[in-house]
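Each remark here refers to the structure printed beneath this line.
The values are calculated or read from the model by the stated rules, or taken from the named source; none is laboratory data. This structure is a prediction, so every number in the text was calculated from the model and none was measured. In this analysis, Cβ positions are derived from the backbone assuming ideal geometry, glycine residues included, and neighbour counts consider all displayed protein chains. Please note that ligands, DNA and RNA were not included when accessible areas were found on the heavy atoms of the full protein model with its side chains. Shrake-Rupley method; radii C 1.70, N 1.55, O 1.52, S 1.80 Å.
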Amino acid sequence: MDRRFLARPGIDVAPDLLGCVIRHETPEGAVAVRLTEVEAYMGADDPGSHAYRGRTARNAVMFGPAGHLYVYFTYGMHFCANVVCGEEGTATAVLLRAGEVVDGAELAASRRPAARSARDLARGPARLASALGLGRSDDGADLCGSPSTTALLAGPRADGDLVRNGPRVGVSGPGGNGDEFPWRFWLDGEPTVSTYRPHVLRRRR
C-alpha cells in the first residue's frame, strides 16, 4: 500500500479500504483478512476518538505518520487494530471492524475456537485482531514498509454501489450520534459484517 494513499483524512480513507487485505505473519504462520467493515475516527474533531483530548502514551501512534498500525487494549481482555491516516499530527485513523479470512483460515480458527463458522473468525474488531494474531507488540507496526511482518495490501476496488455507511458501533456520547458521525462503512450483503449495536450505558451495582 502506498503511504500517500493513507495520508488523507480517515473519513476519506475508510471506504477505500473496503476490499483491501491486511496480512500478519508470525512464527506460527500468516493470516490475511479482506476488509468488509471499518470505522473512521477524526482525532481532535471527533468526541468518539481516543485522541479527542490530545496525545497520551496510549494513543501516540495515532499522531502519525500515516501507514502505521495503532493497536489498543480494551475491556481488559481484547486488542483492536487501526490504520493511522492523515497528515502527521492529526491523529486520524480507521478501525478495522470486520473482514473475511482469505488466507491462513486454519491458523485463524485455532486462535478463535469460539467461532461457530468461517464468517465469525474476524467478524468484529477484537475477533479480527485475534484471528490475525495482533497484540500490544504490534502497536506502531509499519504497514507500508518492506519487508514487514504486517502489511496492508490493495485489493480489488469495492463496488461503490455496495458501500454503505451509518453510525459507529458502541460509541458513547456525542460521537455516537449517527446523524453527525455516520462514519462506519461496510459492504452490503457481506456475511462477515458485524451486527450494529448502539452504546449501552452500564449501571453499576
Quiz item: By how many nm would the segment from Arg136 to Arg58 grow when fully extended, if each residue of separation counts as 0.36 nm and the alpha-carbon distance is taken off?
Solution: 27.0 nm
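Among rounded, prolate and oblate, which fits region 113-205 when a ≥ b ≥ c are the square roots of the eigenvalues of its C-alpha gyration tensor, a/c under 1.5 means rounded, and a/b larger than b/c means prolate? List each step's numbers first, then the result.
Working: a/c = 1.56, a/b = 1.29, b/c = 1.21.
The shape class here is prolate.
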Quiz prompt | Average Cα contact separation per residue, the chain, under 8 Å, 6 or more apart, as relative contact order % | solution = 26
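Can you pull the percent of the chain's accessible area that's carbon plus sulfur, 1.4 Å probe, other chains left in place? Please report the intermediate quantities before stating the final value.
On the way: 5180 of 10470 Å².
Answer for the chain: carbon and sulfur cover 49 percent of the accessible area.
Take the Cβ-Cβ distance between Ala44 and Arg197 as r, set R0 to 25 Å, and report the resulting FRET efficiency rounded to the nearest 0.05.
Between Ala44 and Arg197 the formula returns 0.40.
Taking a ≥ b ≥ c as the square roots of the Cα gyration tensor eigenvalues, with a/c under 1.5 meaning rounded and otherwise prolate when a/b beats b/c, else oblate, which class fits region 1-55? Don't skip to the end; give the middle numbers.
Working: a/c = 2.29, a/b = 1.72, b/c = 1.33.
It is prolate, given that a/c is not under 1.5 and a/b is the larger ratio.
Taking a probe of 1.4 Å, how large is the accessible area per residue of region 1-103, in Å²? Write down the numbers at each step before the final one.
Working: 4200 Å² over 103 residues.
In whole numbers, region 1-103 has 41 Å² accessible per residue.
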Quiz item: Percent of alpha carbon pairs in region 1-154 separated by more than 29 Å?
Solution: 11
Quiz prompt | Neighbour cut-off at most 11 other Cβ (10 Å), DSSP loop, chymotrypsin sites (Phe, Trp or Tyr not before Pro), region 72-156 | solution = Tyr75
